[in-house]
1. Residues ALA56, ALA27, ALA13, ALA23: which one is loosely packed, with under 10 Cβ neighbours inside 10 Å and at pLDDT below 85?
2. Consider only pairs whose beta carbons are under 8 Å apart and that are at least six residues apart or on different chains; among these, list those whose first residue lies in the stretch 64-75 and is within 13 Å of ALA48 (Cβ to Cβ) and whose second residue is surrounded by 12 or more Cβ atoms within 10 Å (Cβ to Cβ) and β-branched (Val, Ile, Thr).
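The values are calculated or read from the model by the stated rules, or taken from the named source; none is laboratory data. Predicted model only: the values in this text are computed from it and were never measured. Neighbour counts run over all protein chains shown; Cβ positions are idealised from the backbone, glycine included.
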Amino acid sequence: MFLRFHQGDPVSAEDHEARERLARYMAHPPVGLYRLHYDPGTRGVTYAPKNHDGSAGADSPGALTCPALDFLAALCSNIPDAGHQLIR
């Protein structure tokens with residue numbers, strides 16, 4: 001049985017660099033910690049997308065600020081139930 005879980009070219013078993021690159025991509029976290037900023041005064045979380053130069057900041061266009069508990073609720077809603085298969 002052949003399982004395909006990405007849209008790129010097939011990765012050869014002998015291509016160690018491609019396998020490592022693919023494994024890093026699959027293991028990346030859903031939220032980049034460098035994009036998060038917590039403000040203890042307001043108890044708010046700001047999630048900033050990358051700028052064109054690759055940096056992320058609270059003043060970035062498209063930055064989202066919300067209460068910390070709302071952010072955690074939204075993040076936890078993406079965690080699958082135990083035993084739920086996501087990749088086919």
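1. ALA27
2. Correct list of pairs: LEU64/THR46; THR65/VAL45; THR65/THR46; CYS66/VAL45; PHE71/VAL45.
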